[in-house]
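*Asks:* One structure follows; several queries about it will come next.
The values are calculated or read from the model by the stated rules, or taken from the named source; none is laboratory data. In this text the structure is predicted, and so the values were computed from the model without any measurement. Methodologically, a virtual Cβ is constructed for each residue, glycine included, from the backbone with ideal geometry; neighbour enumeration extends over all protein chains shown.
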Amino acid sequence: MDQKDLWYTPRDLGQSLRNTTEGTAQQRNDHWLNWQWDNTVTYNILADAHNLTALGGFSMQKNKWDYNQINAVGFATDDFSYKNIGGAYKKDQTNQSSDFQTNSIMSYIGRVNYSYKEKYFAAVTARYDGSSRFGDGHKWGLFPSLALSWNIAEENFFRSLNLRFVDLLKLRAGYGIAGNQNIPNFAYKTLYYPSFTKNTVSFNSDGRLGNPSLGWEKQKQVNLGVDVGLIQHKINLAFNYFSILNENLLLQRSLSTTTGFNNVISNVGTLKNEGIELAVNAKALETENFSWSVSANISSANNKVTKLYGNVDAIYNKGGYTGVEIQREGNL
């Protein structure tokens, strides 16, 4: 997608306020290019009480943006407005700017689902992702997961108990690793921007030190749960315990002024999040033309910084009520 902005302030605008502009023009061109390409193949086997589905895939995604802009001041006439931007006579006030951002990700995906007699269920997935936001040797990460469940209500020994009001009694367990690459583009590089003053060209940093060792933040999650359906599923309950360990946390931390930089993005530590959840849903009333359901849930969680890497003793982030947030090991 392309966008062009053309802007002109006439010479006589503001004369009543004794603020003659002498004419100001601006031209700006923005260009966006975003595309995604997905390819998947699925294979299914259904044999007696066995049901197996396998999926394999490949995905690519790219996002790109760039712009160019020129501003000029001083025009002899308003007749040509922005079309005569090269005719501005105040050359020392003419300036140009440009920028670009780009990122891409490539993924290989695999998934296998299996069930037997609607009693036993298993799901295995794996992703192999590569991100342009990390430097050489750190772009790729493997993220597998496994989920198992057992519907006890379908077992013969449970049916022999004659608990007909129990429609579902499923035990669940799962473990998986997910990746996070939510950082600015080019954070693994130290960037310098040119600045022009008359006949002098200087290069200035944006204040952020590049970190070529940046890698994926990994979220390792354990889930244990129970699902219960009662009275033809008019009452449904779900209990879940979760434990999430975030390793290689991607955060911006402040640097000493002696380094010449303000901050750097690093894999700084480990954060643990643990808790329980309980959800209840009940169909209070259901007719041909009307239904009324009631839902409630409650949860409790505990977050704790369990480790900070290297010689980092605290993480300083702008934010919070006081303007600065400080995290140390053991902080909740």
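*Asks:* Looking at segment 138-178 only, could you name the residues that are of a type in the set (Gly, Ala, Ser) and modelled with pLDDT of 95 or more? Show your work before the answer.
*Replies:* Going residue by residue through segment 138-178, those that are of a type in the set (Gly, Ala, Ser) are 141, 145, 147, 149, 153, 160, 173-174, 176, 178.
Result: GLY141, SER145, ALA147, SER149, ALA173, GLY174, GLY176, ALA178.
*Asks:* Also, I was wondering about something else. Give me the residue from segment 293-320 that is at pLDDT 90 or above and over 26 Å from the mean Cα position of the chain (by Cα) and, out of that set, farthest from LEU255 (Cα to Cα).
*Replies:* Filtering first and then ranking leaves SER293.
*Asks:* Regarding ARG133, is this residue outside any strand (DSSP E or B), of a type in the set (D, E, K, R) and either closer than 30 Å to ASN180 by Cβ or in contact with a helix residue (DSSP H, G or I) (Cβ under 9 Å, 6 or more places away or on another chain) (or both)?
*Replies:* Details: outside any strand (DSSP E or B): yes; of a type in the set (D, E, K, R): yes; either closer than 30 Å to ASN180 by Cβ or in contact with a helix residue (DSSP H, G or I) (Cβ under 9 Å, 6 or more places away or on another chain) (or both): yes.
Yes.
*Asks:* Further, regarding this structure: Taking segment 153-174 as the region of interest, how many residues are surrounded by 12 or more Cβ atoms within 10 Å (Cβ to Cβ), under 45 Å from the mean Cα position of the chain (by Cα), outside any helix (DSSP H, G or I) and of a type outside the set (Val, Ile, Thr)? Write out each step before concluding.
*Replies:* We begin by selecting, within segment 153-174, every residue surrounded by 12 or more Cβ atoms within 10 Å (Cβ to Cβ); these are 153-155, 158-159, 163, 166-174.
This time we only want the ones that are under 45 Å from the mean Cα position of the chain (by Cα), so: 153-155, 158, 166-174.
So of that shortlist, the ones also outside any helix (DSSP H, G or I) come out as 155, 166-174.
Still in the list and also of a type outside the set (Val, Ile, Thr): 155, 167-174.
Total meeting the criteria: 9.
*Asks:* Among the residues of segment 91-108, is there at least one that is surrounded by 14 or more Cβ atoms within 10 Å (Cβ to Cβ), over 30 Å from VAL124 (Cβ atoms), modelled with pLDDT under 90 and of a type outside the set (Asp, Glu)? Before you say what the answer is, go through the steps one by one.
*Replies:* Quick first cut of segment 91-108, residues surrounded by 14 or more Cβ atoms within 10 Å (Cβ to Cβ) only: 94, 103-108.
Retained after the next criterion (residues that are over 30 Å from VAL124 (Cβ atoms)): 94.
When the remaining residues are screened for being modelled with pLDDT under 90, the result is 94.
Still in the list and also of a type outside the set (Asp, Glu): 94.
Checked against the condition, which is being surrounded by 14 or more Cβ atoms within 10 Å (Cβ to Cβ), over 30 Å from VAL124 (Cβ atoms), modelled with pLDDT under 90 and of a type outside the set (Asp, Glu), segment 91-108 yields at least one hit.
*Asks:* Looking only at segment 93-102, decide whether some residue is assigned to a loop (DSSP other than H, G, I, E, B) and farther than 21 Å from LEU146 by Cα.
*Replies:* Of the residues in segment 93-102, the ones assigned to a loop (DSSP other than H, G, I, E, B) are 94.
Of the ones still in play, those that are also farther than 21 Å from LEU146 by Cα are 94.
Yes.
*Asks:* So which of ALA296, ALA279 is free of Cβ contacts under 8 Å to residues at least 40 places away in the same chain, among the hydrophobic types (A, V, I, L, M, F, W, C) and over 26 Å from TYR188 (Cα atoms)?
*Replies:* Values: ALA279 fails: free of Cβ contacts under 8 Å to residues at least 40 places away in the same chain.
Just one listed residue meets the conditions, ALA296.
*Asks:* Limited to segment 241-263, what total is found for residues that are surrounded by fewer than 17 Cβ atoms within 10 Å (Cβ to Cβ) and under 23 Å from LYS170 (Cα atoms)?
*Replies:* 2
*Asks:* Right, another one. Looking only at segment 252-278, count every residue that is more than 24 Å from TRP216 (Cβ to Cβ) and at pLDDT 90 or above and tell me the total.
*Replies:* Keep residues of segment 252-278 that are more than 24 Å from TRP216 (Cβ to Cβ), which gives 256-260, 262, 275-278.
Next cut, at pLDDT 90 or above only: 275-278.
Counting residues in segment 252-278 that are more than 24 Å from TRP216 (Cβ to Cβ) and at pLDDT 90 or above gives 4.
*Asks:* To continue, here is another question. Name the residue that is farthest from SER299 (Cα to Cα), counting only residues in segment 183-234 that are among the β-branched types (Val, Ile, Thr), at pLDDT below 95 and not in a loop (DSSP other than H, G, I, E, B). Lay out the reasoning, then the answer.
*Replies:* Of the residues in segment 183-234, the ones among the β-branched types (Val, Ile, Thr) are 183, 190, 197, 200-201, 222, 226, 228, 231.
Pick out the ones that are also at pLDDT below 95 and you get 183, 190, 197, 200-201, 231.
With not in a loop (DSSP other than H, G, I, E, B) added as a condition, the list becomes 197, 200-201.
Values: THR197: 59, THR200: 61, VAL201: 58 Å.
Only one residue fits best here, namely THR200.
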